[in-house]
1. For residues in the stretch 188-225 being part of a loop (DSSP other than H, G, I, E, B) and surrounded by fewer than 19 Cβ atoms within 10 Å (Cβ to Cβ), which is farthest from the chain's Cα centre (by Cα)?
2. What helices (runs of 4 or more DSSP H) lie completely within the stretch 354-471 and have 1 or more residues being among the hydroxyl-bearing types (Ser, Thr, Tyr) and within 26 Å of Lys334 (Cα to Cα)?
3. With Asp223, Asp158, Asp167, Asp192 as the choices, which residue is of a type outside the set (A, V, I, L, M, F, W, C) and farther than 22 Å from Arg7 by Cβ?
4. Only one residue in Ser13, Ser50 is in contact with a Lys or Arg (Cβ under 7 Å, 6 or more places away or on another chain) and more than 22 Å from Ile287 (Cα to Cα). Which one?
5. Of all residues in the stretch 294-350, which are in a loop (DSSP other than H, G, I, E, B), of a type outside the set (Ser, Thr, Tyr) and within 30 Å of Asp206 (Cβ to Cβ)?
6. Which one of Gly152, Gly131, Gly124 is surrounded by 11 or more Cβ atoms within 10 Å (Cβ to Cβ) and among the small types (Gly, Ala, Ser)?
7. If we only count helices (runs of 4 or more DSSP H) wholly inside the stretch 1-98, which ones have 3 or more residues that are among the hydrophobic types (A, V, I, L, M, F, W, C) and surrounded by fewer than 21 Cβ atoms within 10 Å (Cβ to Cβ)?
8. Name the residues in the stretch 10-62 that are of a type in the set (Ser, Thr, Tyr) and more than 14 Å from the ligand (Cβ to nearest atom), would you?
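Derivation of every value follows stated rules applied to the coordinates shown; laboratory data play no part. Only a predicted model underlies this, so the values are computations on that prediction, with no experimental measurement involved. Note that each Cβ is placed from the backbone with ideal geometry, even for glycine, and that neighbours are counted across all protein chains shown.
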Amino acid sequence: MAQVRTRFAPSPSGYLHIGGARTAFFNFLFARHHGGKFILRIEDTDRERSTPEAINAILDAMNWLGLDWDEGPFYQTKRYPLYEEKVQKLLSEGKAYPCVCTPEKLEAKRQLAQKEKRKSMYDGTCRPPEGVIPPLPQDKPYTIRFRSPRDGSTIVNDAVKGDVVFDNRELDDLIIARSDGTPTYNFCVVVDDIDMGITHIIRGDDHLANTPRQILLYQALGDTPPQFAHVPLILGLDKARLSKRHGATSVTVYRDMGYLPEAILNYLVRLGWSHGDQELFSREELIEKFSLESVGKSAGVFNPEKFLWVNFHYLKTRPLSQLAEEIVPYIVAKGYRVPQDKSWLERMIKTLQERSRTLVELVDSAHFYLTDDIAIDEKAAKKFLTLEVSRPLSKLIERLSALDEFSEANIESAFSGVLEEFGLSMGKLAQPVRVALTGSTVSPGIHEVIAVLGKERTIRRLQSALERLRS
Ligand code: GLU
């Protein structure tokens with residue numbers, strides 16, 4: 001096989017959709033697997049939607065996901081001369097022709113067809129006889145149409161769908177350049193894919209219907225079509241096409257919700273590709289194992305709970321030093337001051353890492369570490385901060401204050417000393433302490449919490465709990 005060249009060709013719409021990200025991952029993994037190249041092409045010919053912000057949102061999300069492209073980004077709006085040249089070539093070879101039908105006339109014919117329940121197709125009014133190359137009209141606006149074959153069939157030999165046969169009579173003469181001279185979508189895609197030497201086109205199966213037209217354009221331009229692979233779209237749990245109705249569909253929104261890029265890669269790729277029953281893959285494993293043969297024929301169903309579970313896995317197994325860096329923007333977003341001591345931050349994260357499914361959950365559950373302004377839950381206080389714990393609590397304050405080294409082991413023995421002295425079970429003291437230190441009844445292990453909070457903050461909070469229960 002010649003060097004594999006794949007591409008991701010998003011039309012900017014304001015954000016990178018998770019379906020688009022999956023398509024990009026497939027192209028990326030396929031290229032990496034074969035030691036080929038992955039190309040990024042921005043299909044920005046829709047000037048209204050393709051704002052610099054929309055383009056940046058895509059580039060930013062791709063960078064964050066580690067979708068490193070080897071060539072590009074190429075912008076279609078900067079490539080008009082090439083499309084123009086190819087339009088001229090097809091015209092000069094009689095493979096395209098000018099059409100002076102006005103939009104009004106075409107619309108009237110379309111409505112008539114609809115009324116008569118016929119398929120609306122261009123009727124060939126301006127199509128010249130075979131071999132005739134008509135001059136370009138001088139006095140009226142015209143579009144350029146591709147002269148599509150009127151019989152036979154076009155077969156899409158698809159790596160996922162198998163052979164899909166299209167009757168050429170169903171394909172009318174496609175407009176390849178509008179009356180203002182700008183080229184149209186299907187034409188630009190083919191010219192670019194030829195020019196960029198793309199060998200494999202992996203994309204959503206919503207593009208399958210465009211493919212026979214594109215194949216005919218390849219042939220007209222004197223090129224052989226690449227290998228196509230049309231991947232089924234992602235569905236929601238209700239089996240409808242995934243949309244905002246099912247929750248967030250933007251990669252950036254998942255980033256803001258505290259998902260990790262590796263989890264997104266892993267989860268999305270598994271939604272349409274499999275390798276036995278294996279659920280979790282590292283990036284290297286995906287590169288090693290990815291193949292088009294294992295892309296599924298049926299649509300993957302997006303399950304938010306499972307996605308969370310995959311994220312949980314990646315969070316749990318992530319090195320603390322890395323998390324301590326990654327967590328910073330989330331701490332800022334919640335309005336906390338960022339702790340300057342990185343090793344303290346790592347210790348804090350360590351107590352919460354296995355209890356959080358996202359970085360946002362992690363920061364939320366770190367509230368009592370990140371601020372001293374904690375609100376004590378009223379119900380918990382009523383239940384646990386009662387007069388009968390006042391003596392054990394005072395004793396604990398005394399013992400903790402006396403510690404030279406505020407280690408977890410020393411904290412634990414101070415704790416058990418108090419339990420023994422008062423004949424209490426662990427829960428009888430741990431819960432009141434937990435409420436005093438964290439404001440609630442759920443937290444990581446109490447010794448860990450005390451060790452991370454440190455002596456001064458712990459004692460201050462225990463003392464204010466004492467004051468509270470005595471008043
Ligand atoms: N620009 C198209 C899209 O965003 C993709 C075109 C293609 O992959 O051929 O849907």
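1. As a first pass, look at the stretch 188-225 and keep what is part of a loop (DSSP other than H, G, I, E, B): 196-199, 221-225.
Right, trim to surrounded by fewer than 19 Cβ atoms within 10 Å (Cβ to Cβ) and you get 196-197, 221-224.
Working: Met196: 25, Gly197: 27, Leu221: 35, Gly222: 37, Asp223: 34, Thr224: 33 Å.
For the stretch 188-225, the residue satisfying everything is Gly222.
2. Numbers: elements: 359-365, 367-370, 378-384, 390-401, 408-422, 426-438, 446-453, 455-470.
Because the criterion is at least 1 residues that are among the hydroxyl-bearing types (Ser, Thr, Tyr) and within 26 Å of Lys334 (Cα to Cα), the helices (runs of 4 or more DSSP H) in the stretch 354-471 that meet it are 359-365, 367-370, 426-438, 455-470.
3. On the way: Asp223 fails: farther than 22 Å from Arg7 by Cβ; Asp158 fails: farther than 22 Å from Arg7 by Cβ; Asp192 fails: farther than 22 Å from Arg7 by Cβ.
None of the other options fit; the residue is Asp167.
4. On the way: Ser50 fails: in contact with a Lys or Arg (Cβ under 7 Å, 6 or more places away or on another chain).
It is Ser13.
5. Initial filter on the stretch 294-350 (in a loop (DSSP other than H, G, I, E, B)): 296-300, 302-303, 317-319, 327, 334-341.
Okay, now just the ones that are also of a type outside the set (Ser, Thr, Tyr), so 296-297, 299-300, 302-303, 318-319, 327, 334-335, 337-341.
Within the stretch 294-350, Gly296, Lys297, Ala299, Gly300, Phe302, Asn303 qualify.
6. Values: Gly152 fails: surrounded by 11 or more Cβ atoms within 10 Å (Cβ to Cβ); Gly131 fails: surrounded by 11 or more Cβ atoms within 10 Å (Cβ to Cβ).
On inspection, the qualifying residue turns out to be Gly124.
7. Values: elements: 18-33, 52-65, 80-92.
Per the criteria, 52-65, 80-92.
8. Of the stretch 10-62, the ones of a type in the set (Ser, Thr, Tyr) are 11, 13, 15, 23, 45, 50-51.
Residue satisfying the conditions is Thr51 alone.
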